[in-house]
Amino acid sequence: MINYIHFLGSGGSRYVVFDLLRKAGGIQFRFGEIFLHVDPGPCALYMAINFGIRPKDLDAVLLSHKHLDHSAEINSILESMTTGGRKKKGLLFAPKDALEGEDKVILTYTQGHMENIFKIKENFEYTLKKYSNELKIVTPIRHDHGVETYGFLFFYKNYKIGWITDTKYFENLKFAYKEAKDILILNVISKNKYSNVDHLFGKDAIEIISYIKPKLAIITHLGKGLLKYGPERFAKELEEKTKVKVLAAYDNLKISF
Ligand SMILES: [Zn+2]
């Protein structure tokens, strides 16, 4: 498999993630010879070493935001990637509040082992080059999620892939990710809206998927109610309403493209 997306977890919300109902080790991407790990939350190291790309083979680690279900194991992954700092290597992309300040989640010690660190912000763009492979990484818009949060667009050869990570719905979201015509990953916590949490719900997913019309949409970061309802059943309903193929992620799901 030359290109793939590998879910090292599919859980969302503190109930699911910190009761370990599902893992939340993030997603690894392989674009040709380029290897990425995004949002290494709980179980990231275990899943990466046993089933995925070993951290020492990664080119970059990306963090969408500092909430612990996304970042709990980022220091472990970076430590493994750099063999405990013996070798300065790898790129790190993260929001400023994950890298600086009293409540940062990436230690100064770990940051010191990286070859390069990029503070992501709205409209950030970087082209990662390795051998003859070129991957453009874009963080198109700041999400509405309390802490500083960004999703990602990946452009590799003719493939256009987007990941809308945690956020409350707002209209510009679907415009910001409209280029994700091949695969669109969405963090959807629940079918129905509940309380005032800054997340996407079923009707938001329908709105976004219907507008962008990717070839494939994948929902992940699934909350407890959704697990009980049946993620596959929910994905089928989204598929019927949007006329787009929709999959519900599960731990260790690998999609090649
Ligand atoms: Zn979050």
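Every read-out reported here was derived from the displayed coordinates using simple, explicitly stated rules and does not represent laboratory data. These numbers were taken from a predicted model, which means no experiment stands behind them. So basically every Cβ, Gly included, is an ideal-geometry build from the backbone, and we count neighbours across all protein chains shown.
Sparsely packed loop sites in the range 224-257 (the trypsin sites (Lys or Arg not before Pro) outside DSSP H, G, I, E and B with at most 14 other Cβ atoms within 10 Å) comprise 243. With a cut-off of 20 Å on the backbone N, the residues of the range 145-160 near the modelled label site 7 Å out from residue 3 along Cα-Cβ are 152-160.
Residue pairs exceeding 31 angstrom between C-alpha atoms, taken from 174/236; 104/213; 130/215; 178/224; 96/243: 104/213; 96/243. Using just its DSSP H runs of length 4 or more, each adding -39500 (n - 2.57), the chain gives a mean residue ellipticity at 222 nm of -6500 deg cm²/dmol after division by all residues.
Taken one residue at a time, the phi angles of the range 142-155 give Karplus couplings (6.51, -1.76, 1.60, θ = phi - 60°) of 6, 7, 9, 8, x, 6, 5, 9, 9, x, 9, 10, 10, 10 Hz. Gly and Pro are set to x.
For residue 50 and residue 18, FRET efficiency with R0 = 25 Å and r from the beta-carbon atoms, rounded to 0.05? E between residue 18 and residue 50, to the nearest 0.05, is 0.75. Distance from the Cα centroid of the range 186-234 to that of the range 45-63 is 26 Å (rounded to whole angstrom). Under 17 Å of direct C-alpha separation, and excluding same-chain neighbours fewer than eight residues apart, residue 23 reaches these aspartates and glutamates: 39, 69, 73, 166, 251. Ordered by the count of other Cβ atoms within 10 Å of each Cβ, fewest first, 237, 122 give 122, 237. With the convex hull drawn around the C-alpha atoms of the chain, the volume per residue stands at 112 Å³.
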